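What follows is a short report on a single structure.
The values are calculated or read from the model by the stated rules, or taken from the named source; none is laboratory data. Bear in mind the structure is a predicted one, so any value in this text is a computation, not a measurement. Cβ coordinates were reconstructed from backbone atoms using ideal geometry, including for glycine residues, and neighbour counts include every protein chain displayed. Remember, those area values only see protein heavy atoms, side chains included, never the ligands or the DNA or RNA. Shrake-Rupley method; radii C 1.70, N 1.55, O 1.52, S 1.80 Å.
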Amino acid sequence: MKTRYFKKGEEIIKEGMLSDCAYIIESGSVEVSKKKPNGERQSIGILKENDIFGEMGLIDGLPRSASVVALEDCSISIMTQEAFNSLAQHNAQALMPILKVLAKRLRSTLRLVEDMQDGKSNSSAPLNDGF
């Protein structure tokens with residue numbers, strides 16, 4: 001995997017961009033946000049050392065579902081599609097951390113949907129346990 005360095009305030013992922021890799025934070029922290037219908041950005045989580053992001057695009061190749069900005073200078077490893085496919089073929093067990101992250105984030109999203117259906121208003125609370 002290749003390592004890239006991002007300065008504080010630098011955009012790492014832009015919502016809507018095509019995707020072909022995932023990122024693992026070696027040092028630093030990042031903020032994950034989504035654009036609201038009115039154009040404002042809403043923070044949905046803070047990620048730090050050893051957290052992964054961008055994994056959905058690595059798997060499905062669809063455009064990025066959120067933006068990610070460095071909150072401080074960061075060192076980030078980039079997992080390419082080739083590296084992911086190689087792991088899947090030669091060491092499928094190594095993919096478990098990524099699958100666990102996906103499952104955790106899906107559960108957080110489902111909880112949010114359930115809360116919305118129950119009339120609870122948690123829309124301003126970040127999904128820190130999901131992101």
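Taking segment 70-84 as the search range and keeping residues that are surrounded by fewer than 19 Cβ atoms within 10 Å (Cβ to Cβ) and assigned to a strand (DSSP E or B), which one is modelled with the lowest pLDDT?
THR80
For ILE24, state whether it is surrounded by fewer than 15 Cβ atoms within 10 Å (Cβ to Cβ) and either in contact with a strand residue (DSSP E or B) (Cβ under 7 Å, 6 or more places away or on another chain) or β-branched (Val, Ile, Thr) (or both).
Details: surrounded by fewer than 15 Cβ atoms within 10 Å (Cβ to Cβ): no; either in contact with a strand residue (DSSP E or B) (Cβ under 7 Å, 6 or more places away or on another chain) or β-branched (Val, Ile, Thr) (or both): yes.
Criteria not met by ILE24.
Can you report the number of residues in segment 54-69 which are part of a strand (DSSP E or B) and not small (Gly, Ala, Ser)?
The first filter runs over segment 54-69 and keeps only residues part of a strand (DSSP E or B), leaving 67-69.
Applying the additional criterion that residues be not small (Gly, Ala, Ser) yields 68-69.
Final tally of qualifying residues: 2.
Just for segment 22-63: of the residues that are among the small types (Gly, Ala, Ser) and touching a Pro at 6+ places or on another chain (Cβ under 7 Å), which one is nearest to VAL101 (Cα to Cα)? Let's see the steps before the verdict.
Filtering segment 22-63 down to residues among the small types (Gly, Ala, Ser) leaves 22, 27-29, 33, 39, 43, 45, 54, 57, 61.
Those still in the list that are touching a Pro at 6+ places or on another chain (Cβ under 7 Å) too: 43, 45.
Values: SER43: 18, GLY45: 14 Å.
By that ranking, first place goes to GLY45.
For LYS34, are the conditions met, namely being assigned to a strand (DSSP E or B), open to solvent by 10 Å² or more (accessible area, probe 1.4 Å) and modelled with pLDDT of 90 or more?
Against the criterion (assigned to a strand (DSSP E or B), open to solvent by 10 Å² or more (accessible area, probe 1.4 Å) and modelled with pLDDT of 90 or more), LYS34 qualifies.
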